[in-house]
Each structure stands twice: as C-alpha cells, then as structure tokens.
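One structure below.
The values are calculated or read from the model by the stated rules, or taken from the named source; none is laboratory data. What you are looking at is a predicted structure, and each value in this text was computed from that prediction instead of being measured. Reconstructed Cβ throughout: ideal geometry from the backbone, glycine too, with neighbour counts over all protein chains shown.
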Amino acid sequence: MVNQTKFKVLEKKCTACFKCSLSSTRKNVVFGRGNPNAEMFVIGEGPGQQEDEQGLAFVGRAGKMLDTAFSAVGLDTNKDCYISNIVKCRPPNNRKPLQSEVSECIPWLNEQIKLVKPKIIVLAGSTATESFLGVKEPISKIRGRWIEKDNIKYMPIFHPSYLLRNPSKEKGKPKWLTWQDLKKIKKELSSI
Ligand code: SF4
C-alpha cells in the first residue's frame, strides 16, 4: 500500500514546481491519475492540451485510446494502474521534451515510483522507453519485450497517439501488436 500522506506531499511539491522552462507555458502540472496502490505503473511522454487544461494524465484522445486498449484485455486504467509522464508540464505545441527538461523532471517520477512500488512498468512510446531505461532501440523493435531491472518488469508498448494515427486492427499492424502486448501484461499481472 502506498503511503498516502507521503504521496500527497509529493504531489503538492510537484504541482508547485518551477524547475524548468515548461513551467512558464503550462496551465497545470499533471502529476498523474489512477490507483497509486496498483501493481502496475504506466509512463507516457508528457501532457497534451487536454491534460494541461484538466491537470490529469491521459485524458485527451490518446488517453481515451489507452483506456480502450486496456479495457479490451479487461484492464481499467483508473483501477489497475497509476499513470504519469516523463515530464509533468506540457511542452509547447506537444513537441518532444528536451533532454534538459527530462533531466529536471524525472526525479518526480522516480519519487512516485518509489512510493507506488509497482511490479510492472509499462513504457508508452519511445520517449518514455529511452528516457527511463536509456534504451535507444526503435519502439517497433523493442515493444512487447519484457526487460527486467531491479525486480521490476518493464514492457515498452506503442504510444496511444501512434495508434490513433494507425487505426487498422489488421493482424501485424500496431493496434493488433499492442493488443498482443497488453495480453502479455494482463497475464503477468494476473500471476502476481
Ligand atoms: S516539467 Fe517537471 S521539472 Fe519542469 S516545471 Fe514541470 S514539474 Fe517542474
């Protein structure tokens, strides 16, 4: 069980952060959403416009896609995982976060993970995979593979915004591949 008090204190500190220049253009700091007592943590790249406006992670179109993909294998993103991002403030025009912004922000994510203590971490997209694990392989090569580190199982998957741009459900296409990855994740989660 997460220490609720420590988690709330961390959220309070994070939402008052001005460590990098993204603080000057954001509307809200997006700390995360979901269940901090879950065994699974999902990491995305950064907040988009909807997330910035609402102050919640993955609530725009990509978030809805993530919800749908998870629910297709019987997982509820508000119950079965906690979701956050590599950077907590929206990069202008949804550009990729700069390395300096990632370096400034990632300690917040590390603190969240320390408190949530997940057994599984799902990395949504190449920015999350590269920034968090230092793995530079293309996401199309590395997705669907378990990577074990410090007693945590990591699984890179396609970012849901990539699935929005590739809507085909045909066998072998990104959506179908993600479905296979999520089935593996669900199986692993059920065995914990
Ligand atoms: S992106 Fe992260 S480091 Fe930068 S201001 Fe927001 S919370 Fe702070």
**Request:** Looking at (1) touching a residue at least 60 places away in the same chain (Cβ under 8 Å); (2) part of a strand (DSSP E or B), find the lone condition where M155 falls short.
**Result:** (1)
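Looking for whichever is under 25 Å from I192 (Cβ atoms) and of a type in the set (G, A, S) here; the options are G74, G48, G55. Which one fits?
Working: G48 fails: under 25 Å from I192 (Cβ atoms); G55 fails: under 25 Å from I192 (Cβ atoms).
So the residue among G74, G48, G55 that is under 25 Å from I192 (Cβ atoms) and of a type in the set (G, A, S) is G74.
Only one of V135, V73 is modelled with pLDDT under 95, of a type in the set (V, I, T) and either farther than 19 Å from C17 by Cα or in contact with a Lys or Arg (Cβ under 9 Å, 6 or more places away or on another chain) (or both). Can you tell me which?
Details: V73 fails: modelled with pLDDT under 95.
After ruling out the rest, the residue left standing is V135.
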**Message:** Please determine whether any residue of region 31-40 is within 12 Å of the ligand (Cβ to nearest atom) and either touching a strand residue (DSSP E or B) at 6+ places or on another chain (Cβ under 7 Å) or more than 17 Å from I157 (Cα to Cα) (or both).
**Reply:** yes
**Request:** Keeping to region 95-130, report how many residues are away from the ligand (no atom under 12 Å from the Cβ) and under 24 Å from L182 (Cβ atoms).
**Result:** 16
**Complete:** Conditions (1) without any contact (Cβ under 8 Å) to a residue 24 or more places away in the chain; (2) surrounded by 16 or more Cβ atoms within 10 Å (Cβ to Cβ) -> K187 fails only (2)
**Of residues in region 5-30 being in contact (Cβ under 8 Å) with a residue 12 or more places away in the chain and outside any loop (DSSP other than H, G, I, E, B), the one farthest from the ligand (Cβ to nearest atom)** = K6
**N94 vs. criteria under 27 Å from D52 (Cα atoms), more than 14 Å from the chain's Cα centre (by Cα) and not hydrophobic (A, V, I, L, M, F, W, C)** = yes
**Message:** Going by what's in this entry, would F41 be described as crowded, with 17+ Cβ neighbours inside 10 Å, in contact (Cβ under 8 Å) with a residue 24 or more places away in the chain and part of a helix (DSSP H, G or I)?
**Reply:** no
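Take region 76-98 and flag every residue that is hydrophobic (A, V, I, L, M, F, W, C) and surrounded by fewer than 18 Cβ atoms within 10 Å (Cβ to Cβ). So that I can check it myself, show each step before the final result.
Of all residues in region 76-98, those hydrophobic (A, V, I, L, M, F, W, C) come to 81, 83, 86-87, 89, 98.
Scanning region 76-98 gives a single hit, L98.
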**Request:** Search region 94-115 for residues that are within 15 Å of S126 (Cβ to Cβ) and pair each with any residue that is near the ligand (Cβ under 8 Å from one of its atoms) when their beta-carbon atoms are under 6 Å apart and the residues are at least 6 apart or on different chains.
**Result:** P97/G46; P97/V87
**Fill in**
Of the conditions (1) within 15 Å of the chain's Cα centre (by Cα); (2) under 30 Å from K13 (Cβ atoms); (3) modelled with pLDDT of 95 or more, the single one that L115 does not satisfy is (1)
